[in-house]
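See below for the structure under consideration.
The values are calculated or read from the model by the stated rules, or taken from the named source; none is laboratory data. What you see is a predicted model, and the numbers here were worked out from it, not measured in a lab. Cβ atoms come from the backbone with ideal geometry, glycine included; neighbour counts cover every protein chain shown. The protein model used for the area step is the full one, side chains on, heavy atoms only, and it has no ligands, DNA or RNA in it. Shrake-Rupley method; radii C 1.70, N 1.55, O 1.52, S 1.80 Å.
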Amino acid sequence: PSYTATQYHAQEELGQASFGYAHPGQAASNLRDGFGNQIGSYAYINPEGKEVRVSYTADSRGFRVQSNDLPVAPVDNSVAPVQVEDTPEVAAAKADHSAAIAAAKSGV
């Protein structure tokens, strides 16, 4: 079977450059300016047969990416835990303790 593949690279003395390639099932391109900022994209077919597309920018504001295949964090839909209720024995012990403190403070 016949297929077409291409690639390119261009650069100038001021530091600007562009490069990329295209092969069956994958492609990429990148542009860099004289300040080192880069804008690019790439695409490929993953093992499950899905086409994955990624676009990115890298500059003074950091690396930012957009894609149709980024992982998604799980949603936390849990509720806050309910406070534990005292058993009758614990409630009686707390009442006895409070009474002993009150008695000690009053000097009885």
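Values computed for the structure shown
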{"read-out": "Count of segment 27-44 residues which are at pLDDT below 95 and open to solvent by 80 Å² or more (accessible area, probe 1.4 Å)", "value": "1"}
{"read-out": "Pair list, Cβ under 9 Å, 6 or more apart: segment 1-20 residue without any contact (Cβ under 8 Å) to a residue 60 or more places away in the chain, other residue open to solvent by 100 Å² or more (accessible area, probe 1.4 Å) and part of a loop (DSSP other than H, G, I, E, B)", "value": "15/35"}
{"read-out": "Scope segment 52-71; condition aliphatic (A, V, I, L, M) and farther than 17 Å from residue 37 by Cβ; matching residues", "value": "52, 54, 70"}
{"read-out": "Selected residue [under 24 Å from the mean Cα position of the chain (by Cα), among the charged types (D, E, K, R), exposed (fewer than 13 other Cβ atoms within 10 Å of the Cβ) and part of a loop (DSSP other than H, G, I, E, B)] from 86, 69", "value": "69"}
